[in-house]
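Read through the structure below, which is laid out as structure tokens, and then see the notes.
Quick note: the coordinates plus some simple rules give every number you see, no bench work behind them. These numbers were taken from a predicted model, which means no experiment stands behind them. Cβ atoms come from the backbone with ideal geometry, glycine included; neighbour counts cover every protein chain shown.
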Amino acid sequence: MFSFIVIVYNEENTVLETLESIKYQIVNYGIDMKFQIIIADDKSKDNSRKVIDAWLDKNSNLFELIDRLYYDENLGTCKNYSRALRNIRGEQFFSISGDDIIANMNIFLKFNDLKKYDIVLNSSLLLHDKGKIEYNRKKYLTIVLQGCMDFSYIKWATKLGSPILNGAIYRKELLTEEILEYMDAFDLVDDRPRYYKMFQSNKLKLKYDNSPIILYRISDWSVSAKQGQYSERHNKDIMMLYNDILKDETNCFNRIVIKLQRISCNWRGKGYIRNKLRYFTPYYIRFFLLCVRNRKKIRNLSQELLTNYGEWNEKYYNTIKKVQ
């Protein structure tokens, strides 16, 4: 069985597109497979649940199991997500936010790589609210840069600045109860704590796949927006993570670097000058050097991503949207 997880909070205007992209995968590539869908709604204030229920009633034949995790209180992204992860019944799983879209490809083929690798790092395409793909190659720097990172660099980067790991898939057995309990301590930021703990005690084999797995919706109201409505809660989570990392770190030099990074994160979104000064830290200097050394590869990966998949996925998105 394969499990899909959809994380929802106030997404009545986008979640149908997410669900239709799941249906597209099942109908076109999931022949002879069994599926579970887990909808984890964190007490949405809009009509998200009504929209989801109507879609599930219409498409219930697609799934062996349907789990509606509808909560009577707002838990925060992390607890909402960790509870969904605890309900996985499939041998493999994929989670997606209720405002994103699974890209136009066979997602199940990507999971074949988990026979050889522990984690597959996938690229994403950025999707504007009006349904247009972002074609500025500079916007994809941190996405394609995953193709230039080995495990030690990603482990280091997750401590200090978090590489873009949206859409990464990994072996289910890596998701231990210890990691889930650690996620529960946070409010909005689930990815960095999860990967920090996952990388802390494991030497993992990684692969980068430059074909996109997600159309990632970009907007000013996202959780990670610098001055969005969630910025204060986001920054609180990041500070808590840095404090935990410092408790675990024994190397004196690394502790200094982590402290500098923690200080610089307090400047996030607090004025133009201070926000720019954030980038003059050891983490970003090393990040810059990695970009310089791999500039040709980065350019080629960005070009390949947009040339091979951009227009194709834009047309696909508009098809998905018309289904509603």
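Classify the stretch 84-173 as rounded, prolate or oblate from the Cα gyration tensor: take a ≥ b ≥ c as the square roots of its eigenvalues, call it rounded if a/c is under 1.5, otherwise prolate when a/b beats b/c and oblate if not. Intermediate values should be presented prior to the final figure.
Values: a/c = 1.73, a/b = 1.14, b/c = 1.52.
In terms of gyration-tensor shape, oblate.
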Which part of the stretch 1-44 falls in the paramagnetic zone of PHE108, meaning amide N under 13 Å from the point 7 Å along Cα-to-beta-carbon? 1-4, 23-36
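So how much slack lies between ILE256 and ILE285, counting 0.36 nm per residue of separation and subtracting their Cα-Cα distance, in nm? Show your work: numbers first, answer last.
Working: separation 29, 0.36 × 29 = 10.44 nm, distance 1.48 nm.
Once the chain is fully extended between ILE256 and ILE285, it gains 9.0 nm.
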Computed helical MRE - 222 nm, the chain, DSSP H runs ≥ 4 contributing -39500 (n - 2.57), nearest 500: -14500 deg cm²/dmol
Compare the peptides 237-247, 90-100 by average per-residue count of other Cβ atoms within 10 angstrom and give them in order, highest first. 90-100, 237-247
For each pair in LYS23/LYS58; LYS159/LYS247; LYS205/LYS296; LYS79/LYS259; LYS110/LYS139, compute the distance between the two Cα atoms and list the pairs where it is over 22 Å. LYS205/LYS296; LYS79/LYS259; LYS110/LYS139
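Once you charge only the Cβ atoms, +1 for Lys and Arg and -1 for Asp and Glu, what is the size of the charge dipole of the stretch 1-69 about its Cα centre, to the nearest 20 debye?
100
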Could you sort 54-66, 38-50 so that the peptide with the highest average Cβ count within 10 Å comes first and the rest follow in order? 38-50, 54-66
Which entries in LYS207/LYS297; LYS132/LYS297; LYS155/LYS236 show an alpha-carbon gap greater than 20 Å? LYS132/LYS297; LYS155/LYS236
Could you tell me the convex hull volume per residue, in Å³, taken over the Cα atoms of the chain? 133
Write down Rg/Rh for the stretch 1-99, rounded to two decimals, with Rg from the C-alpha atoms and Rh from the Kirkwood relation over Cα pairs. 0.94
Farthest toward positive dipole pole in the stretch 92-186 [+1 Lys/Arg, -1 Asp/Glu at C-beta], among PHE151, LEU127, PHE108: LEU127
Those chymotrypsin sites (Phe, Trp or Tyr not before Pro) in the stretch 128-174 that DSSP places in a loop and that have at most 15 other beta carbons within 10 Å: TYR135
What nm value, rounded to one decimal, do you get for the distance between LYS130 and GLU311 when each label is placed 7 Å out toward the C-beta? 2.0
Furthest towards positive pole of dipole, LEU16, LEU69, SER44, structure part the stretch 1-99, Cβ charges: LEU69
Out of TYR195, LEU165, LEU206, whose Cα points farthest toward the positive end of the dipole of the stretch 157-209 (charges: +1 Lys, Arg; -1 Asp, Glu; placed on Cβ)? LEU206
In the chain the DSSP beta bridges are antiparallel at a rate, in percent to nearest 5, of 15
Dipole magnitude of the chain about its Cα centre (Cβ charges: Lys, Arg +1; Asp, Glu -1), debye to nearest 20: 1680
Segment GLU91-TYR71, length gained on full extension (0.36 nm per residue, minus Cα span): 4.6 nm
